[in-house]
Every structure is written in C-alpha cells, then in structure tokens.
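The values are calculated or read from the model by the stated rules, or taken from the named source; none is laboratory data. All values derive from a computational prediction rather than experimental measurement. Glycine gets a Cβ as well: all are built from the backbone with ideal geometry, and neighbour counts include every protein chain shown. Ligands, DNA and RNA are excluded from the accessible area calculation, which covers all protein heavy atoms including side chains. Shrake-Rupley method; radii C 1.70, N 1.55, O 1.52, S 1.80 Å.
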Amino acid sequence: MPTPFPAASSRLVYSPVLESDFSELLHVYNSNPDFMEYSYGQRFVTVEIVEQDHADNMAFAFADSYSYCLREASSHSLIGIAQFILNNPRDGHPWLGLIMIDSRAQGKGYAKEFLDGLIDWYRENGYTSLHLAVLEKNQAVVPFYEAYGFVPYEERVTEKLGRVICMAYPIHPRL
C-alpha cells in the first residue's frame, strides 16, 4: 500500500474528486475545447461527461486509481484535474491518465508543479517509471513532456481515441 498522496505543493492543494466537484470541473473541461473535441468529439461537454470520465477512471483499476482536483492554494479556486493509476493492468506500469489545467491558469507552471509532486510520490513508493499516452491530435503537449524527461517509446491505435503516442519517464532513486 502506498503512502498517502500529498495534500499540497507550494502553490496547489490536492483533494480527491467528489461528486460535488463535477460542476466546477465542467468549467475546467470546457475551458479546453480542442482537447474536448479530440477526446469526446465535441468542443463542449456536459456534466454527465465529467461524471462518466471520473467513473471510468475510478473503475479502471479500483484501489489503484486516483482522481484529484487541483486548487490554487491562495484562492482555493479549482484550476485542474489529474488522474493516475499505480498499476495499469495492460502492462504493469504506473500511468498518468490526465493533467488538465483550466485554460486561464495554463502557462503558470501548475502542470509541472503537480508532475514534480507526483513523480516524487511514485519515487517514495518505490516505482521506477511513469508512463502516459498523448493523443496524436493533441501532440502539441509532447514537447512539454519531452522537456520534462519523458521519452516516446511506442505509438498505438485505439478504437476510441485513434493514434496515441506512449511516453515513459525513468524515476531514479534520490541519491
């Protein structure tokens, strides 16, 4: 059993997604219309899509699935969501499913700050890599992950999402 996920970083507060968060999360989702179109085939989604996305993530691996709201520590405003799992049943690796930041809060380093904390948490719990997949249509985010140290290792085609670029980050122990 891993240690509890951190409650905060320097500028962010993390809390598990609750049903009461869905309407706020709808604003985060709909502030990213290109990603909504890539993922759901429509530029704006309904709260039912947010609910289903959460249910799908949590059902994927049960106790190994996490879905967190990202809130600014200073204002407690919900600015993003992150979904990740400890053990993908397809390959046995931990996976980052999603970091989505409200478009008004993008470019301020929040995604990197969350990713720093996530990787530290995986490291503390003995994991040696973190994997993710980027939709080919959303490959504009690939340079962000490459600059962070993720390396593309495979392309896959899925029925639902089309071509995806799989990337991995080697987690080295602290010296």
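Taken over region 80-105, residues that are among the aromatic types (Phe, Trp, Tyr) and open to solvent by less than 10 Å² (accessible area, probe 1.4 Å) amount to 1. Annotation: of all residues in region 144-162 being closer than 18 Å to ILE119 by Cβ and in contact with a Leu (Cβ under 8 Å, 6 or more places away or on another chain), the one that is most open to solvent (accessible area, probe 1.4 Å) is TYR148. Cβ separations smaller than 6 Å between residues 6+ apart or across chains give the following pairs from region 21-47 residues that are free of Cβ contacts under 8 Å to residues at least 24 places away in the same chain to residues that are open to solvent by 50 Å² or more (accessible area, probe 1.4 Å) and in a helix (DSSP H, G or I): ARG43/GLU37.
Within region 31-50, is even one residue surrounded by 15 or more Cβ atoms within 10 Å (Cβ to Cβ) and more than 24 Å from GLY162 (Cα to Cα)? No, region 31-50 has no match at all. Of the residues making up region 106-143, those that are open to solvent by less than 40 Å² (accessible area, probe 1.4 Å), closer than 15 Å to ILE171 by Cα, in a helix (DSSP H, G or I) and of a type outside the set (Gly, Ala, Ser) are LEU115, LEU118, ILE119, TRP121, TYR122.
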